Structure formats: C-alpha cells, structure tokens
Amino acid sequence: MTPKEVLALCREKNIKAVDLRFMDFPGVWQHFTIPVDKLSEDVFEDGLGFDGSSIRGWQAINESDMLVLPQPETACVDPFRPIPTLAMICNIQDPITREDYTRDPRNVARKAVNYLKSTGIADTAYMGPECEFFIFDDIRYDQQANEGYYFIDSGEGQWNRGRDEKPNLGYKLRYKEGYFPCPPADQQMDIRNEMMQALIDAGISIEAQHHEVATGGQAEIDMKFDALVPMADKVMIYKYIVKNVARKHGKLACFMPKPLFGDNGSGMHCHQSLWKNGQPLFAGDGYAGLSQLALWYIGGLLHHARALSAIIAPTTNSYKRLVPGYEAPVNLAYSRRNRSAAIRIPMYSANPKARRIEFRPPDPSANPYLAFAAMLMAGLDGILNRIDPGEPLDKDIYDLSPEELRGVPAMPASLDEALQCLENDHEFLLRGDVFTEELIETWINYKQKNEADAVRLRPHPYEFALYYDI
C-alpha cells in the first residue's frame, strides 16, 4: 500500500481510529492511537512524536523525543476493537538528525537485509518461524519479599485427571502425547481454527494448525515463509491475534519457552533460505540436497550459535527449555530429518525451491527482528569465511555415548552463560553497521541486570522443598 491507498482504505472501512505500533528493545509491541482525521499523507513522511525515555532499553530522559513513522505496507484492520481501527507498524527516527534509531529492532532487521544485498551473495533472505505457544485456562503468579509462586491450569492438563469437575469427562492429555490426537482429546481445535482464520483475514498465509506435544494446551499455527522484515512483522501480528482470540474466550495464550515442568517447551524453529534473482541458492548436490553455500551458512550458524543464544533464546526461562529429552536442540550439530539436532534439513520435498535449513534453538520469547537479523549475519559470516560445518550427525543425539557426546558442542546452559558468549563473539554482527557496539552492550547490560541477576537473587520455591529442613 501507499499512504494514499491507506487513506482510501480508511474511508472504505469507515475507520475511526489509527493505532501506531512499534517494537521495544526486549520484544514487546508498544502503541498509541490517533483519531483517523489526524492521519494525513504528511504523517508518513514527517512522523509523530513520543517519549522514548519511557520505552525499555531506549533513550535517556534528557534525549527522550523520538518519532514514529507509519509504514503503509503494514496497514491492517484490527479485528478486536469495537470502534473500527486501522493498525500500522512504525519505524523509529531521531527527530533532530532524522536518522533511523539504532536501537529500533525493526531498523536492525532492515539493515541486515541491506547488508545481505551489499555482499552480492543474495538479494532475499526467507524466514519461516514455527511459533509454539500454550493456551491456558488460568494463571496466577507473584513475587514479594516473603513469597514467590506461580499457578497454571488447563482443563486438558494431565494433572486434572482426578479433579471433580461435575462431571470430569476425562480426555486429559498425557505428558508428551499431545501430538496429534483428534477431538475430544484435542479440546482446542475450535479456538485454534478461530485463530487461524483471524490470521488469514489479517493477510497472513497459514499452512496448518495443530496441537503440539505437551499436555495443557500446547499449540502451533504455521505461517508460510516470507522475506525477513515482513516475516518479523507477521510474528508480531501473530502474537497479537493469538493472544486476543484466547482472551475473547476467557483463556490466555502464553509464549514463554518453558511454562510447564516435565513436558515439552515451546520453540520457534526457524526455516531459512537465501535467494537471488528469484532463484534458490540452498539447493545443490551436496549432503541432503544442499549447495556448498548452504553448508557454509550452516557452518556460520553453528560456529556462532552460542553467541546467538543470547538473542534467539533471550530469557532465563529459555534455558529451562534447552535441556536434553524434550526435542530441545541442545547439541550443536546438523542432520537431515533429525529433530534432536540444532539444524535439521527438511526432506519433505525434492523441489529445489523447498530446499532450506531449519535452525531449532530459537524460542518465541525472542524479538523476531533481532533474532532473524542475527541468524542471517551468522549465516553470512559462514559463507564469507567458508566455515566448514563438519560432518552431519544422523544418529539420535540423546542416545550417544558420553565419549561421542564430548565431541559435540552444546548450547549455553543459562542466560548468564549466553550473555558472556555474546560479549566474547559479536564481531560478525557489527558488519555493515547492522548491530552496533552500543546496541550489543546495552542488550547485554539490560538482560544481565533486569533478568539474569533479578532471577538469580530471588529465592526459588523449590529451594524450600530442598533445603527448608537442612
């Protein structure tokens, strides 16, 4: 769409309000709303002001003024607002220099695509994230000086097999057996269908929806791949729609990587490929039908995976998911078909256009703009430096002997370790000024102080089970 077409759409749909959305540093949408008569063609060029000092990880209070610039191609009618509302995603600029803001995650993603084109390697990076999430019936949590707890409930959770529900109709999914039973065991088919249709109505192409492995309402709705920046936009629209459909039904959608102990966590496995002049670059006559360029891309991802972890698995909760035994890709290897490897080469189709790699460590707590950009930069570093990914590992990694496993590098075991890895290895992110040294430093400091240290300093409920009587 052009600005003129957006204004025409507002008239056609009788829009009354325009919601302007942008991404904060950790990865949560922020917004403010203007009356439709305040949206003119000039706004797309001149922007609108807001206080950047109130956004997490952004400006100091003495440099607080910032601009949002609505991007007309992202315009979409919000299906949840009773007053007809048009939503648009915005870029962020400095009002004095009119330069794109270096800490705006969408700007980082745009710069990554521009850097890709400047290398001459490819002109398009396609991303296809598989965002998993839970649909819960109830959640309570708190942390005070004298207490700390969480409580999650789901009508299909195995822990409710004996609950008096007047009547309890059974069909509580057993742990790790949520993939793919039909209703009535799958109690959430209808709500997922509604989510799927709302996404389609918002212009997002959907390939499938299904229950995922875990009990307690784990779900997945698969979007068709798209170019890097539009795909990151779609991840945010996806989260918004999924959360609001759930809320409409008195439920909640949770994108935490590991909300339930003892069952599978939620990942954001990310399918990736490079194209040039409309032709796929990952298809070839190498291992699993890959090109040499694709193998070097894999080499870059594996070489920098421990540093990437601080961006693609960026929460303390991420490392509750990245443990052996739950289809979690802890060990850094690549393989065709093998879901226990960090990188899987899907073998569903022999079509060269379908040849891609699937990087499995990311989870849906990641900021998609930063995550997609960082993965692309790692893959490009692999191509530019011809990084050998080593031999594929087609065995079940969880069945390897300790001697065999010692030769396979692993993901970090904590956010603290991941942040240290990023501090030690981030030169590849700085190429083309895609990420800046200041942005990396701010990310590490923010995550360390506000998340890693904050969790480390607080007593954990299970510590009382372990140590109360010591």
Full extension between Arg11 and Asp37 adds, at 0.36 nm per residue less the Cα distance, a length in nm of 8.3 nm
Label-zone membership for the range 432-469, site Asp142, 7 angstrom Cα→C-beta point, backbone N under 20 Å:
455, 458-465
Given R₀ = 35 Å, what would the calculated FRET efficiency be for Val408 paired with Arg458, taking r from the Cβ atoms and rounding to 0.05?
0.55
28 Å Cα-Cα reach of Lys16 towards lysines, excluding residues that sit fewer than 8 places from it in its own chain
Lys4, Lys38, Lys234, Lys239, Lys243, Lys248
Could you check the simple spin-label distance between His210 and Glu165, using points 7 Å along Cα→Cβ, in nm with one decimal?
2.4
Fully extended contour minus Cα-Cα distance, from Lys276 to Asp94, at 0.36 nm per residue
62.2 nm
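Of all DSSP beta bridges in the range 275-369, what percent run antiparallel (nearest 5)? Write out the running numbers ahead of the final one.
On the way: 5 of 8 bridges.
The antiparallel fraction comes to roughly 60 percent.
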If ligands, DNA and RNA are left out, what is the accessible area of Glu437 with a 1.4 Å probe, given in Å² to the nearest 10?
90
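Quick one: order Leu415, Leu302 from most to least accessible surface, probe 1.4 Å.
Numbers: Leu415 5, Leu302 25 Å².
Highest to lowest solvent-accessible surface, that is Leu302, Leu415.
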List, in order, the whole-Hz ³J(HN,Hα) value for each residue of the range 357-373 obtained from phi through the Karplus relation with A = 6.51, B = -1.76, C = 1.60 and θ = phi - 60°; use x for Gly and Pro.
10, 10, 9, 9, x, x, 10, x, 7, 6, 6, x, 5, 5, 5, 5, 4
Dividing the convex hull volume of the alpha carbon atoms of the chain by its residue count, what do you get in Å³ per residue?
178
Accessible heavy-atom area order of His210, His249, His31, highest first, probe of 1.4 Å
His31, His249, His210
Mind ranking Asp425, Asp164 by accessible surface for me, highest first, 1.4 Å probe?
Asp164, Asp425
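With each run of n ≥ 4 DSSP H residues scored as -39500 (n - 2.57), what mean residue ellipticity at 222 nm is computed for the chain after dividing by its residue count and rounding to the nearest 500 deg cm²/dmol?
Values: 15 runs with 146 residues, N = 470.
The helix contribution divided over the chain gives -9000 deg cm²/dmol.
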Work out, step by step, the length gained on full extension between Arg56 and Glu427: first 0.36 nm times the residue separation, then minus their alpha carbon distance; give nm to one decimal.
131.1 nm
Whole angstrom only: what separates the Cα centroid of the range 432-450 from the Cα centroid of the range 265-335?
22
Accessible area of Cys76, 1.4 Å probe, to the nearest 10 Å²?
30
Could you tell me what % of all Cα pairs in the range 139-200 have separations over 14 Å?
68
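The values are calculated or read from the model by the stated rules, or taken from the named source; none is laboratory data. Everything numeric here is computed off the predicted structure, so don't read it as measured data. Positions of Cβ are generated from backbone atoms using ideal geometry, with glycine treated the same way; all protein chains shown enter the neighbour counts. Note: areas computed on protein heavy atoms with side chains; ligands, DNA, RNA excluded. Shrake-Rupley method; radii C 1.70, N 1.55, O 1.52, S 1.80 Å.
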